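The block underneath contains the structure these notes are about, expressed in C-alpha cells.
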Amino acid sequence: MKKQILVVVAGLVLSAWVASAEDAKAIYEKSCAKCHGPDGAGQTKMGQKLGVKNYTDAKVQAAMKDEEMTKAIKEGAKDKEGKTVMKPAEGLTDADIKGLVTVVRGFKK
C-alpha cells in the first residue's frame, strides 16, 4: 500500500514538473523568442538591434547567475545609459520565472 501511494505521488510530481517545463517553453516562445530567438542566440532583427546576449554561448551562460536572470525577468533590463531594453515580465509566477531560467540554461552548447 505504501509503495502504491509513493508511486502515485511520484507520478503526480513528475507530471507537474513536465507540465511546468512545457509551460515555460510556451512562455519563452510567446514572450521572449521575438528578441532572444527561438534558440536563444539572439539573432533576430530586434535582438541584434538591442544587442541581446547569446545564450547558446557557454561563457555568456557562466557569467550570468540564476538570480541575475530572475531579476532581469521580474524587473526588466536597462542598457548602460539607463534606457529600458527589456520590459519586466507581467503575470508570471515564481515557478514560471524559474522555468524560464531553466529554458535559457538549456540553450547552452
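The values are calculated or read from the model by the stated rules, or taken from the named source; none is laboratory data. None of these values were measured; they are calculated from a predicted model. Cβ sites come from the backbone with ideal geometry, for glycine too, and all protein chains shown count toward neighbours.
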TODO: Quickly run through the stretch 30-83 and pick out the residues that are among the charged types (D, E, K, R) and either at positive phi or part of a helix (DSSP H, G or I) (or both).
DONE: K30, K34, K45, K49, K59, D66, E67, E68, K71, K74, E75
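Each row is one residue, and each column tells you yes or no for (1) surrounded by 17 or more Cβ atoms within 10 Å (Cβ to Cβ); (2) in contact (Cβ under 8 Å) with a residue 12 or more places away in the chain.
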| position | (1), (2) |
| --- | --- |
| Y28 | yes, yes |
| H36 | yes, yes |
| Q43 | no, no |
| Q48 | no, no |
| N54 | yes, yes |
| Q61 | yes, yes |
| D66 | no, yes |
| K83 | no, no |
| P88 | no, yes |
Task: Residue pairs meeting the criteria (Cβ under 6 Å; at least 6 apart or on separate chains; first at positive phi, in the stretch 93-109; second outside any helix (DSSP H, G or I) and surrounded by fewer than 14 Cβ atoms within 10 Å (Cβ to Cβ)) - done: none
Open item on the list: Looking only at the stretch 67-95, count every residue that is over 21 Å from K30 (Cα atoms) and at pLDDT 95 or above and tell me the total.
Closed with: 2
